[in-house]
Amino acid sequence: MYLSQLMLNPSCRLVQRDLARPYEMHRTLSHAFPQGEVHVTRDADDAVGLLYRADDQEGVISVLVQSKTAPDWRWLAEQRDGRGYPYLTRPVGFKPVNVALAAGQLLSFRLRANPTKRLSAGKGHNGKRVGIDAEEEQLNWLARKGEQHGFRLLQAQASRDAKMKNEKAIERDDKVHDLELLSVQFDGVLQVTDAALLLRAVETGIGSGKGFGFGLLSLAPAR
């Protein structure tokens, strides 16, 4: 896998557009993989495996990008808005990352996710999928994801962001619909229970909304 960190220019109108409409950010980042398959099943051999997470720390905006193939950021480095403001504030590169995991290992983690549940619609029918609002339920959601993806949740806190709204984001039944997604950042400590399952989760992401900046699981040695 490959990791890149992009430092974005908050004065650039292209950046402002992408932050306001996260799927536009996904489109922008996809230009770094002209030879790859972005819109295919994430575990396919030819999948780019594009995952990203945008962070705003006191006005310093960065985007962490993970991919299964090496990116080419030259196109993005040349992008400027109509006033001449560049998209990036500094040159960007990337580094290969080899993730070595072992059962029993303790790791710090960060995950921005879109925790959801499906409402009941009667026997044999799938109900509407909605965001999980209560913090305790959000942590329970993450614990269940851990059971599916090879880790045990030892310690975690959930920090809820504002709801992410994307106008005219979905086309269904010949109609265009607005999309509203709940954004929650999880930070904490996990224990590896199945290294192979957890590695797959790192590669393909956790939860829904990956094209909107969710699902990237960052790991580091626990302090």
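The values are calculated or read from the model by the stated rules, or taken from the named source; none is laboratory data. What you see is a predicted model; the values in this text were computed from it and never measured. Positions of Cβ are backbone-derived with ideal geometry, glycine not excepted, and every protein chain shown enters the neighbour counts.
Observations on the model:
- Matching strands (runs of 3 or more DSSP E) fully within region 155-198 where at least 2 residues are surrounded by 11 or more Cβ atoms within 10 Å (Cβ to Cβ) and at pLDDT 65 or above: 175-181, 184-192
- Filter result for Arg80 (modelled with pLDDT of 95 or more and in contact with a strand residue (DSSP E or B) (Cβ under 7 Å, 6 or more places away or on another chain)): yes
- Region 127-141: number of residues that are part of a strand (DSSP E or B) and surrounded by 13 or more Cβ atoms within 10 Å (Cβ to Cβ): 1
- Residue, modelled with the lowest pLDDT, within region 8-25, restricted to residues that are crowded, with 19+ Cβ neighbours inside 10 Å and not charged (D, E, K, R): Pro22
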